[in-house]
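Only the coordinates and a few stated rules stand behind these numbers; no lab work does. All values reported here derive from a predicted model rather than from experimental measurement. Here Cβ is always computed from backbone atoms with ideal geometry, including for glycine, and neighbour counts include all displayed protein chains.
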């Protein structure tokens, strides 16, 4: 950690983190000046000596996940896949975003419309909203269909998933009877306590445990994320293998640690007045990865009136909506670009004799090559416009690389939170809206809160 100049380009076997295009806004010395504090934050994660140390189970999770648990998840997924055409994963926040992100990244964009896709059953999501029309339409879709449920909740009483589970459980039991329905319901919940644990025990549901020391937004590599991903037909062993490689790559507090470089760079930018980070992708399959990342960083860092605001855009789509603001709006932003090296398919732009669209100069080129130039041209334009850019290159959208990316961001999040001097692992602000909602709904036990809030209306 004593080098005068930190590396701006860390090339690993898979992920490449490049921060060269921030150096017009902050200097290499400013980034390096944060290395001692970042090293201290990394040590706190490994030794459990920092704020929120009760929630560090994710740090060693990839290497500590027993093969027996993986096999059990795979077996449970196989049962659901063989008995169901649809499996509804019920959860909110970290209980659904990680699984949704991975499934969307790996799936055929139009798999839901393909009748010939025998490889996987369809994983749907509920409990992530309180949309009456959404739930009604979901129930209508599932009427007379073979479906199962994965319900994910530590307590079993969180409002959004509890409503969805009550509705879908009743529907499944009415279609199959309670005994058969219980075979198609898997509960991922607390090991000993809570309403869902009690119900699962009484009804004989297959269960997996949400560990006490792993918070929701860090839970994608636990059964919370692994079971829906396995049901969707993807290789959770490869996902964990990638995470294990990244776990090993982020142990040392040196210039080869990509999570440390990302954490120090974004915090140097924050201290230079760049308060908003925009996660940019050029692959539509990464949209929900941006949503997962927003929760990870927003819920971890947004407290004590501190924190980089996490936003996300899908380019080149959003270049035609948000591009103007990014190019010439307030200079309080920086970008982190997710760049996928290799597309899964090959599509070549054809020649056209009339050439009315003027595209013949692109004839014979792959669509992905055009996309790469759109990405490069945009990065150059934004940097020239005063928007510093980091770039994270992913070789391809495959399980092992997504596993690396997930752990990379998780580890960087912990370091970054400690650099901000906040507790990265609690979310006290979430409770404020819950209290108000319960008061307005006149939940028993909230009589005083109900009276107080109604007096304000």
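Any idea what angle helix 97-106 forms with the longest principal axis of the chain, computed on alpha-carbon atoms, 0 to 90 degrees, nearest 10? Once rounded, the angle reads 70 degrees. When every Cα-Cα distance of region 61-239 is counted in 10 angstrom steps from zero, the calculated P(r) takes the values 10, 41, 39, 10, 0 percent. The largest-to-smallest principal axis extents of the Cα set in region 404-457 are 48, 23, 19 Å. In percent, rounded to a whole number, the relative contact order of region 61-239 is 32, using alpha-carbon pairs under 8 Å and six or more apart.
Helix 132-142 and the long axis of the chain differ in direction by around 70°, with both axes built from C-alpha atoms. Let me check against my output: what whole-number percent is the relative contact order of the chain, with C-alpha pairs under 8 Å and at least 6 apart? Once normalised by length, the contact order is 22 percent. For the peptides 301-307, 75-81, the ranking by mean Cβ contacts within 10 Å, running from highest to lowest, is 75-81, 301-307. Remark: 345, 192, 287, 382 ranked as 345, 192, 287, 382, counting other beta-carbon atoms within 10 Å and listing the fewest first.
When DSSP beta bridges are restricted to pairs lying wholly in the chain, around 15% turn out antiparallel. Tilt of helix 430-440 relative to the longest C-alpha principal axis of the chain, in degrees (0 to 90, nearest 10)? So the inclination is approximately 40 degrees.
If you take the beta carbon distance between residue 305 and residue 201 as r and set R0 to 35 Å, what does 1/(1 + (r/R0)^6) give as a FRET efficiency, to the nearest 0.05? The calculated FRET efficiency here is 0.20.
Put the Cα centre of region 12-67 next to the Cα centre of region 245-305 and the gap is 10 Å. From least to most packed, judged by other beta carbons within 10 angstrom and beginning with the fewest, 404, 399, 202 follow the order 202, 399, 404. Debye-formula intensities of the chain, expressed as log10 I(q)/I(0) at q = 0.05, 0.06, 0.13, 0.14 Å⁻¹, are -0.20, -0.29, -1.25, -1.38 (one equal scatterer per alpha-carbon, no solvent). Among 331, 197, a tally of other beta-carbon atoms within 10 Å of each Cβ gives an order, fewest to most, of 331, 197.
Using just its DSSP H runs of length 4 or more, each adding -39500 (n - 2.57), the chain gives a mean residue ellipticity at 222 nm of -14000 deg cm²/dmol after division by all residues.
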